[in-house]
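**Q** Dropping a structure here in structure tokens format, bear with me for questions.
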Amino acid sequence: MTTSRPYVIASVAMSLDGRIDDDSWERLILSNADDFDRVDEVRASVDAILVGAETLRRDDPRLLVRSEQRRAARLAAGKTFSPVKVTVTRSGRIAPDAQFFTAGDVDKIVYASTEAAKRLTADLGATATVVDSGLTVLPWNLLADLGERGIERVMVEGGSWMHTMFLKRDLVDELHVAVAPFLVGQAGAPRFVQDAPFPQGPDRPFRLAETRAIGEVVFARYLRS
Ligand SMILES: NC(=O)c1ccc[n+]([C@@H]2O[C@H](COP(=O)([O-])OP(=O)(O)OC[C@H]3O[C@@H](n4cnc5c(N)ncnc54)[C@H](OP(=O)(O)O)[C@@H]3O)[C@@H](O)[C@H]2O)c1
């Protein structure tokens, strides 16, 4: 049996010691304006942007294409001005007034455990599509469902658990890493990934496709095949 799934781009900004935030509730900026613009360009090229529920709770991101030109180009191509937003939760602890839901007239999809899905469906009403995903969200089921909704390219923007979930199942086709020129040095700060038996070990590494200095940030783009 052949299966098709969306092409997956995982994108992260990290410190020199591999941290994607510090241990405070304030969001740590690990990029610069030009690098944010690079991320915006990638956002404009995909059909869906995915973040985990903890990132929604901590950072309250808008997850929208920022550039007016890129928004206009998407509209001219018959797309929505910004991609579909996607999140994943087991607990269902997501506030309906999060910017994920309130910012931007684009589709929002929440993949949730059965228990959380019932509550979220009631709380969110027509604001979002809630997909009952059983006990836990399985990444290949999520991608298959997105594929059935016409999503061909998805950008996974974090956090740590989301990147781990897709990487450990070898579901990341392209990895974008921006490295900030400093160390965080806090044990409680989240890392790029959790420990896991990753298939992209030394015997099956990613292929380095591009490196670029973006001001003081180093950008690297890796391909899986
Ligand atoms: N530097 C960067 O590029 C970047 C980008 C994004 C985020 N971040 C940082 O990353 C941190 C958050 O990362 P994180 O790893 O703690 O959280 P996360 O990956 O954003 O979200 C984790 C949450 O996703 C849900 N989840 C995970 N696996 C699931 C599964 N199989 N089924 C159902 N739900 C599942 C759970 O939500 P529930 O708890 O609701 O069940 C879990 O708590 C924040 O500090 C944020 O600032 C950094």
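The values are calculated or read from the model by the stated rules, or taken from the named source; none is laboratory data. None of these values were measured; they are calculated from a predicted model. Reconstructed Cβ throughout: ideal geometry from the backbone, glycine too, with neighbour counts over all protein chains shown.
**Q** Go through the range 118-140 and count every residue that is within 12 Å of the ligand (Cβ to nearest atom), surrounded by fewer than 14 Cβ atoms within 10 Å (Cβ to Cβ) and in a helix (DSSP H, G or I).
**A** Let us first name the residues in the range 118-140 that are within 12 Å of the ligand (Cβ to nearest atom), namely 119-120, 131-140.
When the remaining residues are screened for being surrounded by fewer than 14 Cβ atoms within 10 Å (Cβ to Cβ), the result is 134-136, 140.
Checking the rest, the ones that are also in a helix (DSSP H, G or I) come to 140.
Selection size over the range 118-140: 1.
**Q** Could you check the range 203-214 and list, in sequence order, the residues that are more than 21 Å from ARG169 (Cβ to Cβ) and out of contact with any helix residue (DSSP H, G or I) (no Cβ under 6 Å at 6 or more places or on another chain)?
**A** Result: LEU208, ALA209, GLU210, THR211, ARG212, ALA213.
**Q** For the range 141-163, which positions are within 11 Å of the ligand (Cβ to nearest atom), not hydrophobic (A, V, I, L, M, F, W, C) and not in a helix (DSSP H, G or I)?
**A** Once the filter is applied, which keeps residues that are within 11 Å of the ligand (Cβ to nearest atom), not hydrophobic (A, V, I, L, M, F, W, C) and not in a helix (DSSP H, G or I), the range 141-163 yields GLU157, GLY158, GLY159.
Condition check ((1) modelled with pLDDT under 95; (2) out of contact with any Phe, Trp or Tyr (no Cβ under 6 Å at 6 or more places or on another chain); (3) assigned to a strand (DSSP E or B)) across all residues:
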| site | (1), (2), (3) |
| --- | --- |
| MET165 | no, yes, no |
| GLY185 | no, yes, no |
| ALA196 | no, yes, no |
| PRO199 | no, yes, no |
| ARG204 | no, yes, no |
| THR211 | no, yes, yes |
| TYR222 | no, no, yes |
| SER225 | yes, yes, no |
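**Q** Does the range 71-101 hold any residues that are touching a residue at least 12 places away in the same chain (Cβ under 8 Å) and assigned to a helix (DSSP H, G or I), and which are they?
**A** ARG71, ALA73, ARG74, GLN99, PHE100, PHE101
**Q** Still on this model: Does SER24 fit the bill of being in a loop (DSSP other than H, G, I, E, B), among the polar types (S, T, N, Q) and touching a residue at least 60 places away in the same chain (Cβ under 8 Å)? Can you show your working first?
**A** Values: in a loop (DSSP other than H, G, I, E, B): yes; among the polar types (S, T, N, Q): yes; touching a residue at least 60 places away in the same chain (Cβ under 8 Å): no.
So SER24 does not fit the description; no.
**Q** Could you tell me whether the range 86-95 includes any residue that is among the hydroxyl-bearing types (Ser, Thr, Tyr), near the ligand (Cβ under 10 Å from one of its atoms) and within 24 Å of GLU148 (Cα to Cα)? Walk me through it before giving the result.
**A** Filtering the range 86-95 for residues among the hydroxyl-bearing types (Ser, Thr, Tyr) gives 87, 89, 91.
Remaining after also requiring near the ligand (Cβ under 10 Å from one of its atoms): 87, 89, 91.
Within this subset, residues satisfying the condition of being within 24 Å of GLU148 (Cα to Cα) are 87, 89.
Yes, there is a match, as at least one residue in the range 86-95 is among the hydroxyl-bearing types (Ser, Thr, Tyr), near the ligand (Cβ under 10 Å from one of its atoms) and within 24 Å of GLU148 (Cα to Cα).
**Q** Checking SER31 against (1) of a type in the set (S, T, N, Q); (2) touching a residue at least 24 places away in the same chain (Cβ under 8 Å); (3) within 28 Å of ARG90 (Cα to Cα); (4) not in a strand (DSSP E or B): exactly one of these is not met. Which one?
**A** (3)
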